[in-house]
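Undergrad: Sharing a structure, written as structure tokens. Questions coming.
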């Protein structure tokens, strides 16, 4: 009756397909419940003089309207640096920044009330562009740095040098369920907050701070999210605080549901980056020295930006060994909503830079980029120390690269593509293989912990509560599988409860791909405590001293829904019967488990340490076709090979791989955030912000996993899978760059990310205008 | 014929087999609001409120020839007053006796849901596709699901579910919902004009939904300021985003006489209220280029309700259909109480959103001459995403050759000015020229002098200028068969 390793359906699959799974906006309204919304800043930058809420009260049905002055506790919050106002006070930092909270009896009254509030302010010129922030030295926090060797010297002495500036755009998480929260006032000042959040503990903490109450007076619950992708790690806080403030002040239930346009306008996204890079390499394309200066667009407050930037620095090597390396990072202040977590968390930005450097080296040397990648790949037993000093062992990359190149007929297709491009007047094809080595663990050490509460009932059924939140990634079914296997029962007898700070305290956000690792391990630890007690009890129950069988807990086993003494397996007692009897003998059938990832540590001062428990690895081969006249892009084929160890649930993991890859494809091709010169996001809904649609899937899409048993340190030898596949999407961008290399003589093609049709056409036009444009480069 | 005595003040429809008479404010709500808030059917999800994600997809059954014809629509931009006489099926109504349908089971088995928010929309859309066929291929699904966005799964598991479900156990909607009684009730009781007036003073809203053209033009004659709604795919978005309902609405949804689509020997004759789905179907054999463009027009949900007349009077210079209608010299029929007149679409627009529709007039019919065998027509739509996107650039190039010489040239460019641009100088220039790369390169250069593109969220002016330049060369190379590489 093993369930680990089986592709069991998602925990809520039935609710999803029938529409019966409840999201916050689906919860029936309570009598007296208030609709809550906010009034946003009319300018991206300015001074706030006054907020006139009186006109709102003239609207029939408007019940309350609050500003920063009404906040009973702290108005400033922030996980890393407390520098973000809940409601704007004095300074206006970005367009749409919440200034006033309005509560009304109906949605219509709320809308009219929002429109009635008057904001008096003086607008100033906002900083919107990274270049401007850099030149004005408007930075958030300190510079981050990791370095090894003598970069100046090795850059100078290398046989070849290249340098450039790489820009990658931001990305909207585009979870389908917008930010949402419902707060219910309780007795004696207590409050219950339902939030669509990846981080209930953080919501509990900020709500307590804003309301000026103790954390013990706040319960935060999250049943499920309609997608999150990092966008609900910190950004769920403001709507939750709004609902909580109204509930506390009015004594009535309060509901905040952002609409999509507001959500996209005022919440943070993946950080836009600008990176200045210099590389020195030898004639074989092997890198001797690399310097990258990363500038991320942090927006108007710190949020998670330092942690995101840290992960950027820690992924600048990606899959490749760089002997002499200097990595510097700065977070730029701009008048945009504070940028935040998004699947990959700074990793994609770093890895795209590195893969671009490798493509550039290949073009410079007129070599196939695959050969350049192989020349730089991390070694086994040598060339295996990361820039931050962690030894990269259990390196499967050489085998993964070779297998995938063979499976995808890389070399043969390379020939075909060269031929095609030489002949086609209408299209250009491109091909690229890129890889990933993604470090698993929070780089902030203390977050690498999880706790779980396991309650076994007398009918042999089990409720499990952990700090993990379910956003679609399937953590609930994976934990059910782990728990069911501990007791050798069917997963139908295990239920995952809504995540609640009442059951699990001081939890880490469901992030960094590590939720199954941390919470699953904690749940298993709790199960083992209960099992030990049941083994004690069952040993007596199954002993038969008259027949010479003494009680022996170590011989008690859980098998197929029964409990046995392995010395006399023919005598079986049903699991539920043992549970029922154990309770009558006053055996505790509940336990709390705890897990802290062993061995991880990273010193930010020195840029040295072992930040990661292990690495998820993989590679992708993408082929693209671009239209020479319009820049339009098609993806005829993609092959993925991903090392996820021993999968707890292959169905769920396949979904994570494919879904993550397609999100990465969106980031590198069609998803463009467009702002006007006043800081207004113009692409604030699916009409103007284009995530991949079904027809953007590769026409041929081969997804395979790399079988191995060696991730012994992690739960059931599995590997984290949430974030890494997103970065395989970079292969599509690299393939576009490769296609462009056939389009003209320009050696350094300045292709930005995302490679939208407009961007590709810009490059094609630039290539055609190059002085030597009549001679098309078709070597390779 | 409509008369005062038959005037109704509510609409009649069925939802998941249950009869509802809906009047007052509820009749002015969106269908998704009605389902979620009035009926508590929360399986229909709201994400964008603009018909661009499909999470709110439901099926609308229209009585046609003694049965319901079900089509998927975005319920967020359908309003209750548009739905008189119909049967709505939401995700809650797909199954019999609370049993999972084979499609739902397949979605479970194939891991077709992750976060689950888009899932009901996908299940409904795929179930709708099964009304017309037994099995779905990957190609069917790729074409049929362009109106449904999923952010989690990368679609592949959904395509697996759609191709692997147990077709033998699937029941069509007519098996689940016996049609006769509903059809009879609707035929009898969903007839005559409807007038609904709510609120008073500045909050007063009136709706008029006639069931014949004469009533419509009569009403328009008296209320020339009324907002006219057919498919509502544009007006609906505007209502949702501004949260302002027009003061006076004329609904055309019950004018079946304006829905007709016919192919005559050398032309298409299209009622202004013909849906794009109907036009798409009619064009398949006779106007393949136009058909190809219509397959990337909006999404199935949009094409099922959006009308050709709406696309024309919405007067957007980025409308997908217009370049074709321009180069084919399409004729518009405009009707009012004072008569009927015909206008060439090339003379219809005078500026951004300005057009020659007089107070009290309705666009009723469009005559579209079909391309002849001796001419070459190519249509272009460039957008950030191929499907369900608004164009950054559109073009139609129609040339007739005499040997290798260009004998006639009609060109229309979209999204490069306040209206569709007919670059007359280019058309003149091309006449009598050899069809060569040099000619087309020059034409592209010349065309850039006749456009006035702006930079906006869909692209910069430079991008649109470059596309204008390039589209002529692209046309040239596309029509050099020996250069086409498979």
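Undergrad: Taking strands (runs of 3 or more DSSP E) that fall entirely within segment A:404-502, which contain at least 2 residues that are in contact (Cβ under 8 Å) with a residue 40 or more places away in the chain?
TA: A:427-440, A:449-456, A:462-466
Undergrad: Could you count how many residues in segment A:567-595 are surrounded by fewer than 18 Cβ atoms within 10 Å (Cβ to Cβ) and farther than 25 Å from residue A:459 by Cβ?
TA: Adding up the residues that qualify gives 3.
Undergrad: When you scan segment B:285-395 for helices (runs of 4 or more DSSP H) that lie fully inside it, which ones turn up with 2 or more residues that are more than 30 Å from residue A:671 (Cβ to Cβ), away from chain A (no Cβ under 14 Å) and in contact with a strand residue (DSSP E or B) (Cβ under 6 Å, 6 or more places away or on another chain)?
TA: Per the criteria, B:308-313, B:322-327.
Undergrad: Can you tell which of A:721, A:760 is closer than 29 Å to residue B:53 by Cα, assigned to a helix (DSSP H, G or I) and within 14 Å of another protein chain (Cβ to nearest Cβ)?
TA: Of A:721, A:760, the one residue that is closer than 29 Å to residue B:53 by Cα, assigned to a helix (DSSP H, G or I) and within 14 Å of another protein chain (Cβ to nearest Cβ) is A:760.
Undergrad: Checking residue A:715 against (1) at pLDDT 95 or above; (2) away from chain B (no Cβ under 14 Å); (3) over 20 Å from residue A:613 (Cβ atoms), which single condition isn't satisfied?
TA: All conditions pass for residue A:715, except number (3).
Undergrad: Which condition does residue A:174 not pass, out of (1) at pLDDT 95 or above; (2) at negative phi, if it passes all the others?
TA: Failed condition: (2).
Undergrad: Sticking with this one: Residue B:147 - would you say it is on the phi > 0 side of the Ramachandran plot, surrounded by 14 or more Cβ atoms within 10 Å (Cβ to Cβ) and not in a helix (DSSP H, G or I)?
TA: no
Undergrad: What's the number of the condition residue B:121 fails, among (1) under 18 Å from residue B:388 (Cβ atoms); (2) touching a residue at least 24 places away in the same chain (Cβ under 8 Å); (3) facing chain A (nearest Cβ under 7 Å)?
TA: For residue B:121, the failing item is (3).
Undergrad: Among the residues of segment B:50-72, which ones are surrounded by fewer than 24 Cβ atoms within 10 Å (Cβ to Cβ) and under 23 Å from residue A:689 (Cβ atoms)?
TA: B:50
Undergrad: Next question. Quick one: would you say residue A:141 is under 30 Å from residue A:328 (Cβ atoms), touching a residue at least 24 places away in the same chain (Cβ under 8 Å) and more than 28 Å from the chain's Cα centre (by Cα)?
TA: Spelling it out, it is not the case that residue A:141 is under 30 Å from residue A:328 (Cβ atoms), touching a residue at least 24 places away in the same chain (Cβ under 8 Å) and more than 28 Å from the chain's Cα centre (by Cα).
Undergrad: Which of the residues spanning segment B:125-143 are more than 9 Å from chain A (Cβ to nearest Cβ), touching a residue at least 60 places away in the same chain (Cβ under 8 Å) and in a helix (DSSP H, G or I)?
TA: B:125, B:127, B:128
Undergrad: With the condition kept exactly as written, say whether any residue in segment A:681-696 is part of a strand (DSSP E or B), in contact with a strand residue (DSSP E or B) (Cβ under 9 Å, 6 or more places away or on another chain), more than 7 Å from chain B (Cβ to nearest Cβ) and surrounded by 18 or more Cβ atoms within 10 Å (Cβ to Cβ).
TA: yes
Undergrad: State yes or no: is residue A:519 under 24 Å from residue A:345 (Cα atoms) and assigned to a strand (DSSP E or B)?
TA: For residue A:519, the condition - under 24 Å from residue A:345 (Cα atoms) and assigned to a strand (DSSP E or B) - is not met.
Undergrad: Among what's in segment A:700-709 and is at pLDDT 95 or above and more than 9 Å from chain B (Cβ to nearest Cβ), pick the residue that is surrounded by the most Cβ atoms within 10 Å (Cβ to Cβ).
TA: A:705
Undergrad: If you don't mind, there's one more thing I want to ask. For segment A:143-190, which positions are in contact with a helix residue (DSSP H, G or I) (Cβ under 6 Å, 6 or more places away or on another chain), within 30 Å of residue A:250 (Cα to Cα) and buried (at least 22 other Cβ atoms within 10 Å of the Cβ)?
TA: Those that are in contact with a helix residue (DSSP H, G or I) (Cβ under 6 Å, 6 or more places away or on another chain), within 30 Å of residue A:250 (Cα to Cα) and buried (at least 22 other Cβ atoms within 10 Å of the Cβ): A:178, A:179, A:180, A:181, A:182, A:183.
Undergrad: Please indicate, with yes or no, whether at least one residue in segment B:147-167 is over 26 Å from residue B:46 (Cβ atoms) and away from chain A (no Cβ under 14 Å).
TA: Yes, there is a match, as at least one residue in segment B:147-167 is over 26 Å from residue B:46 (Cβ atoms) and away from chain A (no Cβ under 14 Å).
Undergrad: When residues of segment B:94-113 are filtered for being within 16 Å of residue B:18 (Cβ to Cβ), more than 10 Å from every other protein chain (Cβ to nearest Cβ) and either in contact (Cβ under 8 Å) with a residue 60 or more places away in the chain or touching a helix residue (DSSP H, G or I) at 6+ places or on another chain (Cβ under 8 Å) (or both), how many remain?
TA: Result for segment B:94-113: 1.
Undergrad: Would you check which residues across segment B:422-459 are loosely packed, with under 15 Cβ neighbours inside 10 Å and touching a helix residue (DSSP H, G or I) at 6+ places or on another chain (Cβ under 8 Å) and list them?
TA: Passing the criteria: B:425, B:436, B:437, B:445, B:449, B:454, B:455.
Undergrad: For residue A:522, indicate whether it is in contact with a strand residue (DSSP E or B) (Cβ under 7 Å, 6 or more places away or on another chain), more than 26 Å from residue A:476 (Cβ to Cβ), outside the structural domain of residue A:342 (by TED's automatic domain parsing) and modelled with pLDDT of 95 or more.
TA: Considered against the rule, which asks whether it is in contact with a strand residue (DSSP E or B) (Cβ under 7 Å, 6 or more places away or on another chain), more than 26 Å from residue A:476 (Cβ to Cβ), outside the structural domain of residue A:342 (by TED's automatic domain parsing) and modelled with pLDDT of 95 or more, residue A:522 comes out as no.
Undergrad: What strands (runs of 3 or more DSSP E) lie completely within segment A:2-100 and have 2 or more residues being touching a strand residue (DSSP E or B) at 6+ places or on another chain (Cβ under 7 Å) and closer than 25 Å to residue A:341 by Cβ?
TA: Once the strands (runs of 3 or more DSSP E) in segment A:2-100 are filtered for at least 2 residues that are touching a strand residue (DSSP E or B) at 6+ places or on another chain (Cβ under 7 Å) and closer than 25 Å to residue A:341 by Cβ, what remains is A:34-40.
Undergrad: Is at least one residue of segment A:32-42 touching a residue at least 12 places away in the same chain (Cβ under 8 Å), under 21 Å from residue A:197 (Cβ atoms), within 28 Å of the chain's Cα centre (by Cα) and not assigned by TED's automatic domain parsing to the domain that holds residue A:215?
TA: Checked segment A:32-42: no residue is touching a residue at least 12 places away in the same chain (Cβ under 8 Å), under 21 Å from residue A:197 (Cβ atoms), within 28 Å of the chain's Cα centre (by Cα) and not assigned by TED's automatic domain parsing to the domain that holds residue A:215.
Undergrad: While we're on this one: Would you call residue A:452 surrounded by 24 or more Cβ atoms within 10 Å (Cβ to Cβ), modelled with pLDDT of 95 or more and touching a strand residue (DSSP E or B) at 6+ places or on another chain (Cβ under 7 Å)?
TA: In short, yes.
Undergrad: Determine, yes or no, whether residue A:631 is more than 19 Å from the chain's Cα centre (by Cα), within 9 Å of chain B (Cβ to nearest Cβ), surrounded by 24 or more Cβ atoms within 10 Å (Cβ to Cβ) and not in a strand (DSSP E or B).
TA: Yes; evaluated as a whole, the condition is true for this residue.
Undergrad: Pairs needed: first member in segment A:209-233, farther than 20 Å from residue B:150 by Cα and within 14 Å of chain B (Cβ to nearest Cβ); second member anywhere, modelled with pLDDT of 95 or more and assigned to a loop (DSSP other than H, G, I, E, B); C-beta distance under 7 Å; at least 6 residues apart or different chains.
TA: Here the result reads A:222/A:196; A:222/A:197; A:222/A:469; A:222/A:498; A:223/A:22; A:223/A:498, each pair linking segment A:209-233 to a residue that is modelled with pLDDT of 95 or more and assigned to a loop (DSSP other than H, G, I, E, B).
Undergrad: Does segment A:309-319 contain at least one residue that is more than 22 Å from residue A:438 (Cβ to Cβ), in contact with a strand residue (DSSP E or B) (Cβ under 6 Å, 6 or more places away or on another chain) and in a helix (DSSP H, G or I)?
TA: no
Undergrad: Has segment A:116-134 got any residue that is surrounded by 15 or more Cβ atoms within 10 Å (Cβ to Cβ) and within 14 Å of chain B (Cβ to nearest Cβ)?
TA: yes
Undergrad: Here is a follow-up. Within segment A:750-766, track down each residue that is under 22 Å from residue A:364 (Cβ atoms) and crowded, with 22+ Cβ neighbours inside 10 Å.
TA: A:751, A:753, A:755, A:760, A:763, A:764, listed by residue number.
The values are calculated or read from the model by the stated rules, or taken from the named source; none is laboratory data. Only a predicted model underlies this, so the values are computations on that prediction, with no experimental measurement involved. Don't worry about glycine lacking a Cβ; one is built from the backbone with ideal geometry, like all the others, and counts go over all protein chains shown.
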